[in-house]
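Visitor: One structure, pasted below without further comment.
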Amino acid sequence: MTVVIDYREKSLPKYLQKIEDMGIPMKIGKLPAGDILIADRLLIERKDSYDLYRSVVDGRFFDQLKRLKDAAECSALCIEGSIATPIVKHWTKVPKEAVLGAMASALTKFQVPIISLPSRYWTVDFIIAADRVLSKKSIGIPKVCFKKKSASVREQALTIVQSFPGVGQKVSVRLLEKFHSIENIVNASVEELAEVEGLGRKRAERLKEVFTHDFGN
């Protein structure tokens, strides 16, 4: 698969030596839309934050999105750098609401996803990653396994007590603090249960009904 860089992308080629070093064929050519074509399938329009603001003002943004959408089966808008950089907003005098609205239109009206990357070096790394995926060289989605932490006996007890009808997190803590064990809670009288703050007589009676119900009948 080949990565094609549009000939008008004057600032990007000097960053692309890494792509060639990875053994990915690359060439400079004329693209009908966008700036980067990856594996003949993914077409990317690349903008730094300054160009994003400018393109919204001069109207290029929406025209570029339309041509991007029409030119390839899969397209994306890649934004490099922070759009909140004060100096960019100072130079362009564009309100952030206009830029955010344009980005929302990219997603909703044109169905063009937005990729936010911190720098051109990250763009190069993304190109390499996308080429691997589209060329089926990728090993797939990396699986991250987290070792499940075993719950302590106290945590298990709290979970059980919280499952009682009418008992929430705070009341479950109070019940265990008063009676010290689930066994003692189950064996407590209605009067003793009702003394727990937040439980009350009716809930205490309901608990006792559940604790003493004969499920064999």
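The values are calculated or read from the model by the stated rules, or taken from the named source; none is laboratory data. Computed from a predicted structure; not experimentally measured. Cβ sites come from the backbone with ideal geometry, for glycine too, and all protein chains shown count toward neighbours.
Visitor: Determine if region 17-24 includes at least one residue that is of a type outside the set (Ser, Thr, Tyr), crowded, with 21+ Cβ neighbours inside 10 Å and touching a residue at least 24 places away in the same chain (Cβ under 8 Å).
Guide: no
Visitor: I would also like to ask the following. So which residues in region 198-214 are closer than 19 Å to Ile160 by Cα and loosely packed, with under 15 Cβ neighbours inside 10 Å?
Guide: Within region 198-214, Gly198, Glu205, Glu209, Val210, Phe211, Thr212, His213 meet the criteria.
Visitor: Would you pick out the residues in region 170-197 that are surrounded by fewer than 11 Cβ atoms within 10 Å (Cβ to Cβ), under 42 Å from the mean Cα position of the chain (by Cα) and assigned to a helix (DSSP H, G or I)?
Guide: Passing the criteria: only Glu177.
Visitor: Going by the structure shown, is Ile5 free of Cβ contacts under 8 Å to residues at least 60 places away in the same chain, buried (at least 20 other Cβ atoms within 10 Å of the Cβ) and over 24 Å from Ala98 (Cα atoms)?
Guide: Judged against the criteria, Ile5 is a match.
Visitor: Looking only at residues in region 25-53 that are farther than 22 Å from Val3 by Cα and touching a residue at least 40 places away in the same chain (Cβ under 8 Å), which one is surrounded by the most Cβ atoms within 10 Å (Cβ to Cβ)?
Guide: So the first thing to find is which residues in region 25-53 are farther than 22 Å from Val3 by Cα, and the list is 49-53.
From what is left, the residues that are touching a residue at least 40 places away in the same chain (Cβ under 8 Å) are 50, 52-53.
Values: Tyr50: 17, Leu52: 21, Tyr53: 25.
The extreme case among them is Tyr53.
Yes/no matrix, rows are residues, columns are (1) within 30 Å of Val210 (Cβ to Cβ); (2) modelled with pLDDT under 85; (3) touching a helix residue (DSSP H, G or I) at 6+ places or on another chain (Cβ under 8 Å):
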| site | (1), (2), (3) |
| --- | --- |
| Glu73 | no, yes, no |
| Ile128 | no, no, yes |
| Gln156 | yes, yes, no |
| Val173 | yes, no, yes |
| Ser181 | yes, no, yes |
